[in-house]
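Reviewing the structure listed below.
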Amino acid sequence: MAPFFAGVAVAVFAAHAWCTPTSQNERRQTTLPSFVNTYVSLAPIVYLHSTENYFPSDLGAQLANTQPEINYTVVSGAPNPLTLDNLDSLNALGGSSIYLTSIDDTTSNPQPQWLKGVIPDATGKTNGAVSCSIIVCDYGNGTVDAYYMFFYAYNWGGEVLGLNFDDHIGDWEHTMTRFSNGVPQTMWYSQHGSGEAFEYSAVAKYNGGIRPIVYSGNGSHANYATSGTHDHTIPGLDLPIGVALVDYTDNGYLWDPTLSAYYASVSFPSGTTPVFAAYDSTTPVNWLNFVGQWGDEQYQSNYPGQYDVFGQYRYSSGPTGPEDKDLDRGDGTCPSGLPDPCIIIPVLLPGEKV
Ligand SMILES: *[C@@H]1O[C@H](CO)[C@@H](O)[C@H](O)[C@H]1NC(C)=O
Ligand SMILES: *[C@@H]1O[C@H](CO)[C@@H](O)[C@H](O)[C@H]1NC(C)=O
Ligand SMILES: *[C@@H]1O[C@H](CO)[C@@H](O)[C@H](O)[C@H]1NC(C)=O
């Protein structure tokens, strides 16, 4: 066992139970298994940027402040209110065409408060806001992937040459830790539709302990292993030569996502369709099946403030949820094809300070 495990009791896993769907009855009788506590004790600590304005946000509040739309028109026949227990009923009413669309004008000044999320308190907790979903996939052969899904109500895409790009409602980002027989091996950090994979031993640990540190980019919430500046590209954004879009990370606000999180398992009994199960009867789980978008559709070109420069819009569309993040990664730490090949970086990249 690696030295960073010294003094930590790592539970021995029952390798069979949690990728298999359980009946409603079994679920009710099950308490949060101790091995989930292991995934909690080894969960990332997130540093939000010191100038961040858009904090981790409550999943339920996103539903309360939006209505389902297709092609900018409200979907009829949807449950009212929409909740985390019935959100997946939208799959039969348009599914992937649906955008959970803000009821308020999101471009007003000041913007509606719910888009700002909740600043973590002194313990790192987003009080009153469940802003993380921890999803565990046990392949039954000693390999377990633990997904840490981070939710923010708003994505501020960043500025280049004084222009803003890629602002959108709803922002799902994640890291994944792959365990082998209870020992973390590798980690995935999502960044703008792609990301980076690292050896677990390479990434910085909080307080010299065992929890990996994740730096959340200011506004975009892309996940990085180091603080500093990070050049990046957005697919489809074709900037003039020499101009870069940059993410900024630093040790601003400490966020412990495990203090306000839902837990679920995922399995793939019939191939590619994920089956989610909660660990207890009080945790909402149906919302994980929703295949639509968690924010407004890209505003049309005549929308006030919308513009299109360098082939990229100021206001873009909201993202799909955790079910669309390739939760069945088999041999790989990276989601399928992102990047290809999936390189596991063995040391933190030189030139970036921890
Ligand atoms: C962080 O994002 C805010 C917008 O939410 C912006 O005003 C600020 O300038 C950004 N900070 C940096 C360092 O770019
Ligand atoms: C969206 O609505 C507009 C106006 O009603 C219509 O012209 C267009 O065909 C619709 N698009 C789709 C994809 O349904
Ligand atoms: C464990 O099972 C997954 C899914 O079937 C497979 O992709 C992976 O190669 C297996 N890993 C080991 C170490 O056998």
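Taking 0.692 mPa s as the viscosity and 37 °C as the temperature, the Stokes-Einstein diffusion coefficient of region 60-145 based on its alpha-carbon Kirkwood radius rounds to 210 µm²/s.
Subtracting the Cα-Cα distance of Thr233 and Asn80 from their residue separation scaled by 0.36 nm leaves 51.2 nm.
Measuring with a 1.4 angstrom probe and ignoring ligands and nucleic acids, Thr233 comes out at about 110 Å² accessible. Could you work out the relative contact order of the chain, using alpha carbon pairs under 8 angstrom and six or more residues apart, expressed as a whole percent? Reported relative contact order: 25 percent. Between Asn181 and Ser281, the simple spin-label model (points 7 angstrom out along Cα→Cβ) gives 3.9 nm. Protein heavy-atom accessible surface, 1.4 Å probe, per residue over the chain: 42 Å². Figure legend: label point modelled 7 angstrom from the Cα of Thr273 along Cα→Cβ; residues of region 72-105 with amide N under 20 Å from it are 85-98. Once the Cβ-Cβ distance of Asn71 and Asp324 is raised to the sixth power relative to R0 = 30 Å, the FRET efficiency obtained is 0.90. Distances over 18 Å make up what percent of all Cα-Cα pairs in region 55-101? Here the long-distance tail beyond 18 Å is 21 percent of all Cα pairs in region 55-101.
In this calculation the C-beta distance from Leu349 to Leu254 is compared with R0 = 30 Å, giving a FRET efficiency of 0.85. Annotation: Arg314 carries an accessible surface of approximately 60 Å², with a 1.4 Å probe and no ligand, DNA or RNA atoms counted. Taking Lys and Arg as +1 and Asp and Glu as -1, the other residues whose beta-carbon sits under 14 Å from that of Asp88 total -3. A Förster radius of 30 Å combined with the Cβ-Cβ distance from Ala204 to Ser336 puts the calculated FRET efficiency at roughly 0.60. Volume per residue of the convex hull around the Cα atoms, evaluated for region 16-345, comes out as 140 Å³. If each DSSP helix of 4+ residues adds -39,500 (n - 2.57) and the sum is divided by the residues in the chain, what number results at 222 nm, nearest 500 deg cm²/dmol? It comes out at -1500 deg cm²/dmol, rounded to the nearest 500. For Ser260, the shell of other residues with beta-carbons less than 15 Å away shows a net charge of -2, using +1 for Lys and Arg and -1 for Asp and Glu.
The values are calculated or read from the model by the stated rules, or taken from the named source; none is laboratory data. In this text, all values refer to a predicted model and were calculated from it rather than measured experimentally. As a convention, Cβ positions derive from the backbone with ideal geometry for all residues, glycine included, and neighbour counts pool all protein chains shown. Remember, those area values only see protein heavy atoms, side chains included, never the ligands or the DNA or RNA. Shrake-Rupley method; radii C 1.70, N 1.55, O 1.52, S 1.80 Å.
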